Amino acid sequence: MFTIRSKEFLSPTIARFIIEAPYVAPKRKAGNFVIIRVSDNGERIPITLVDSDPVEGTVTLIVQAIGKTTKELLTKEAGDTIPDLVGPLGKPTPLHANETIVCVGGGVGTAELLPITRALKESGNRILSIVGARSRDLIILEDEMRAASDALAVTTDDGSYGKKGFVTDELKEILDREKPDAVYAIGPLPMMKAVSALTKVYGVHTTVSLNALMVDGTGMCGGCRVSIGGRMKFACVDGPEFDGHAVDFDELIIRNRSYTVFEQESNRRFTEEHACAAQQASEVVR
Amino acid sequence: MSAINPLKPSQRMKIPREHAPERPALERNGDFVEVSLGFTSDQAVVEATRCLECTDPVCTTGCPVNIDIRSFIQLVMQRDFVGAARKIRESNYLPAICGRVCPQESQCEAVCTLGKKHEPVAIGKLERFVADYEMTNKLFVPPARTERRQEKVAVVGSGPSGLTCAAVLAQRGYSVSVFEALHAVGGVLRYGIPEFRLPRTVLDEEVDRVKGLGVEIQTNFVVGMTATVDELMDTWGYAAVYLATGAGTPHFMSIPGENLIGVFSANEFLTRVNLMRAYAFPQVDTPVRLGKRVAVVGGGNTAMDAVRTSRRLGAERAYLVYRRSRQEMPAREEEIHHAEEEGIEFLMLTSPVKIVDNGRHEVQGMICQKMALGEPDSSGRRSPIPIEGSEFTLDVETVIMAIGQSPNPVIQATTPGLKTGKKGTVAVGEKQETSRPGVFAGGDVSRGGATVILAMRDGKTAAAAIEEHLLSKAREVVEEAKASL
């Protein structure tokens, strides 16, 4: 059992959890994730490790209520427990030094980008960050990202906050102005695809983090297989970070929809069962 | 023990082999309840009287863990079923499991003297009967522990090999911790073998007995990631480590279309169903997406498990596609037989060449090629050769690849100085020792894909070697202390 130490909403549908995981906390590195289960009949889902406190023995997870499992997690409060949390999993981010790196985060992907941005900053790089979302209430971790960056730009699709437009518009401005050594992009697959397509034109190496469907997360099921430069890789153990210019995004976008019908069924049942608790979250998701 | 059966051998040979009742195929295709109901006590006694009580019991040498089969069968004959179970437990810690999943027809029963002219004694079914009898009647008494030892031993993986090693060492007085990556205990017995072959109540009970010996099991712990082998030894204070992480990395064929939706590794498919209980969706959260027509590629027990599971999940046509012929299939005879009864369609001497896209990145069919058998290969089996122009398309929406697994590389990659062997296995010597002092390995991680019983044998061998290693280290300490006086 893993006890939730604290829970804090970053937006109406996104919450930050600090969870007691004494074995995982001291081993976490930027880029790692954990697999959690929220209930005894629950599925195993991967969640990025945003932060950890080795002294306190806690890890930080930031979760957006989208499917049944994430919605159920967001009904949990400080003091509640989840049955399973295992990690750290995946390859940590390789760290460079003395480079200019653009870190691009989209939506809740900013939570996954934050630990990488911090690690890159701490290892002595110049960091230009771009954080984007559909609208103002989905912009998260702005202050944390600003603190980890030399410069930060914020965009929203609807212009309700920061600059109106996409993160790629802002990225293009940077690329037209100077040539960074690398780009890190984490967010929805279409956003990472668009970033990778743009940076390819400018010849800037780009790393993306792929959230494929997983069962075990340790290389056992092969459900998370992705095509990288035409070769089969497992996102859980070979990744989750890959060269964005080599990723077959279209294939992954389709593969991630394999279980949409089932997910909707789970979601519908959960919403009915937890009508009150889920009402608020589901309204915002729609 | 001398012979106790009053019947003459010629009379015993006239008794036909008992057959355990099985649930009808149509009934069992609708659920995940066990196929074989096992012997009744009367059946068990009759079957036991068939044993010739050979003075040189070859069955014991045919058993990878050398169970004293003759003695346990004599106890069955005398209706001392609990005594029989205890006799087995002297050599095998998980008899209710072995009685169900061992390939007896190629081990103990293959060498049974009675089997030369008649059908061999049903040793497997007798083993299962006495283990179940002990379990059902709650007559299990944990074996006495020898003296308490100071040293702690870490066992990595809670499959058959790890559980066996842990049980032996705990009984020898060591503090044993088992580290399991998944959230549930049992390894391949949990995620791989379906409930219709090994009911979860049986597995849970056997696991509880190992825990009852004082073994501590830490789930959600990936050795290599949560802690490395060196950290377990240097920081956590484990004096020895047994690596029993199995062969968990699934193989694919490298043919076009393997990333289409509807293609699974057998590992993923079976893990969804067995570990995550996807058959109960939406009561549980993990689904499994299965078409009405399913092809499983492979000829081993995993392939049988996957194809029979597909049938139970509602597949109208379930094909088993294997590149050699039925004789070369490595699966247990009983499973092949059950699969045939359950309406599985066997496509022998057939190999996939391409999986066809329906235009929406989903499986529409599988193009296969017919094969002919050539000369025997290194495994002794005749190797398949493609027949040109024999391609045909199999109409399926789901393809499950059950063509083998190799060890997960995480421990090999994070343990400096750990030598590896063929196909990513951990290299071991006769006593399961690795290139790193104090680190032992066995089961599929060193074999690359074998049976439950061989994994258990390795676990036993390693436990003995670990005890020897720790005792000799303790002696060194004493001698050094003496020398320094």
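The values are calculated or read from the model by the stated rules, or taken from the named source; none is laboratory data. Nothing here was measured: the structure is a model prediction, and the numbers come from that model. Please note: Cβ atoms are built from the backbone with ideal geometry, for glycine as well, and neighbour counts cover all protein chains shown. SASA here: full protein model, heavy atoms, side chains in, ligands and nucleic acids out. Shrake-Rupley method; radii C 1.70, N 1.55, O 1.52, S 1.80 Å.
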Report summary line: Per-residue ellipticity at 222 nm attributable to helices in chain A (runs of n ≥ 4 DSSP H, -39500 (n - 2.57) apiece, nearest 500 deg cm²/dmol) works out to -9000 deg cm²/dmol
Requested in this report: Considering only protein heavy atoms, with the full assembly of protein chains and a 1.4 angstrom probe, order B:Ser378, A:Ser11 by accessible area, largest first.
Outcome: B:Ser378, A:Ser11
Requested in this report: Considering only protein heavy atoms, with the full assembly of protein chains and a 1.4 angstrom probe, order A:Tyr184, B:Tyr93 by accessible area, largest first.
Outcome: B:Tyr93, A:Tyr184
Requested in this report: Return the Rg/Rh value of the range B:11-131, two decimal places, where both radii are evaluated on C-alpha atoms and Rh is the Kirkwood radius.
Outcome: 0.97
Report summary line: Any residue on another chain or 5+ positions along whose placed amide H is under 5 Å from the amide H of A:Tyr161 is listed here as A:Arg136, A:Thr156
Query raised in the report: With +1 on each Lys and Arg Cβ and -1 on each Asp and Glu Cβ, how big is the dipole of the protein assembly as shown about its Cα centre, in debye rounded to the nearest 20?
Result: 1240 debye
Query raised in the report: Could you give the length gained on full extension between A:Thr81 and A:Ile253, defined as 0.36 nm per residue of separation minus the Cα-Cα distance, in nm?
Result: 58.7 nm
Requested in this report: Could you estimate the translational diffusion coefficient of the protein assembly as shown from the Stokes-Einstein equation, with Rh from the Kirkwood formula over C-alpha pairs, at 37 °C and 0.692 mPa s, in whole µm²/s?
Outcome: 116 µm²/s
Report task. Leaving out ligands and nucleic acids, note down the accessible area per residue over the range B:423-485 with a 1.4 angstrom probe, in whole Å². Result -> 51 Å²
Report summary line: Between the modelled labels at B:Glu375 and B:Leu485 (7 Å from Cα along Cα→Cβ) the distance in nm is 6.8 nm
Query raised in the report: What Rg and what Dmax come out for the range A:2-89 when only alpha-carbon atoms are used, in angstroms?
Result: 11.7, 33
Query raised in the report: With every protein chain in place, what's the accessible area of B:Glu335 (1.4 Å probe, Å², nearest 10)?
Result: 10 Å²
Report summary line: The farthest towards the positive end of the charge dipole of chain B, of the residues B:Gly298, B:Thr40, B:Trp236, given +1 on Cβ of Lys and Arg and -1 on Cβ of Asp and Glu, is B:Thr40
Query raised in the report: If you take the square roots of the eigenvalues of the alpha-carbon gyration tensor of the range B:344-386 and sort them as a ≥ b ≥ c, do you get rounded (a/c under 1.5), prolate (a/b over b/c) or oblate?
Result: prolate
Requested in this report: Give me a single rounded figure for A:218-231: the average over its residues of other chain Cβ atoms within 10 Å of their Cβ.
Outcome: 6
Report summary line: With a ≥ b ≥ c from the Cα gyration tensor eigenvalues, square-rooted, and the rule rounded for a/c under 1.5, otherwise prolate when a/b > b/c and oblate otherwise, chain A is rounded
Query raised in the report: When the accessible area of the range B:283-422 is computed with all protein chains present and a 1.4 Å probe, what percentage of it is carbon and sulfur?
Result: 48 percent
Requested in this report: Take the alpha carbon atoms of the range B:429-479, find their center, do the same for the range A:160-210, and report the distance between the two centers in whole angstrom.
Outcome: 52 Å
Query raised in the report: P(r) for chain B: what percent of alpha-carbon pairs falls in each 20 Å bin, starting at zero?
Result: 22, 53, 23, 2, 0
Query - Among B:Thr350, B:Thr425, B:Leu394 the positive-end extreme of the charge dipole of the range B:322-427 (Cβ point charges) - result: B:Thr425
Requested in this report: Would you calculate the separation in nanometres between label points at A:Lys163 and B:Leu26, each defined as 7 Å from the Cα along the Cα-to-beta-carbon direction?
Outcome: 7.1 nm
Query raised in the report: Each residue of the range B:365-373 in order: what ³J(HN,Hα) in whole Hz does its phi give by Karplus 6.51 cos²θ - 1.76 cosθ + 1.60, θ = phi - 60°, with x for Gly and Pro?
Result: x, 9, 7, 10, 10, 7, 10, 10, 8
Query - Net charge dipole size for the range B:50-167 [Lys, Arg +1 and Asp, Glu -1 on Cβ; Debye, nearest 20] - result: 260 debye
Query raised in the report: What figure in square angstrom, to the nearest 10, would you give for the accessible area of B:His183 with a 1.4 Å probe?
Result: 30 Å²
Query raised in the report: In terms of modelled amide H atoms, which long-range or inter-chain residues lie less than 5 Å from the amide H of B:Gly365?
Result: B:Val356, B:Val396
Query raised in the report: Using the Cβ atoms and a cut-off under 12 Å, what net charge is assigned to the surroundings of B:Gly443, where Lys and Arg are +1 and Asp and Glu are -1?
Result: +1
Requested in this report: May I ask for the accessible area buried between chains A and B, both sides summed, probe 1.4 Å, to the nearest 100 Å²?
Outcome: 3600 Å²
**Report entry** Relative contact order of the range B:351-447, pairs being alpha-carbon contacts under 8 Å that are 6 or more residues apart, as %
**Finding:** 17 percent
Report summary line: Counting only backbone N atoms under 20 Å from a point 7 Å out along Cα-to-Cβ of B:Glu388, the residues of the range B:344-377 in range are B:350-354, B:368-375
Query raised in the report: Is there a simple number for the mean count of other chain Cβ atoms within 10 Å of the Cβ of residues in B:285-293, and what is it?
Result: 5
Query - Solvent exposure of the range A:100-209 as accessible area per residue, Å², 1.4 Å probe - result: 39 Å²
Query raised in the report: With all protein chains present, how much of the accessible area of the range B:188-253 (probe radius 1.4 Å) comes from carbon and sulfur, to the nearest whole percent?
Result: 48 percent
Report summary line: Toy charge model, Lys and Arg Cβ at +1, Asp and Glu Cβ at -1: the range A:100-209 dipole around Cα centroid in debye, rounded to 20, equals 220 debye
Report task. Treating cross-link reach as a plain straight distance, find the lysines whose alpha-carbon is under 22 Å from the alpha-carbon of A:Lys164, omitting any fewer than eight places away in the same chain. Result -> A:Lys172, A:Lys193
Report task. Within 10 Å of each Cβ in peptide A:263-272, how many partner chain Cβ atoms are there on average? Round it to a whole number, please. Result -> 2
Requested in this report: Counting helices only, and only those DSSP H runs with n ≥ 4, report the 222 nm mean residue ellipticity of chain B as the sum of -39,500 (n - 2.57) divided by its residues, in deg cm²/dmol to the nearest 500.
Outcome: -10000 deg cm²/dmol
Report summary line: Long-range share for the range A:193-279, i.e. C-alpha pairs more than 18 Å apart as a percent of all pairs, stands at 54 percent
Requested in this report: Note down the accessible area of B:Phe264, probe 1.4 Å, to the nearest 10 Å².
Outcome: 10 Å²
Report task. Mind ranking B:His118, B:His361, A:His205 by accessible surface for me, highest first, 1.4 Å probe? Result -> A:His205, B:His118, B:His361
Query - Positive-end residue of B:Leu189, B:Ala315, B:Pro9, charge dipole of the protein assembly as shown with Cβ unit charges - result: B:Pro9
Report task. Against the globular-protein guess of 2.2 N^0.38 Å, express the Cα radius of gyration of the range A:100-209 as a ratio, rounded to two decimals. Result -> 0.93
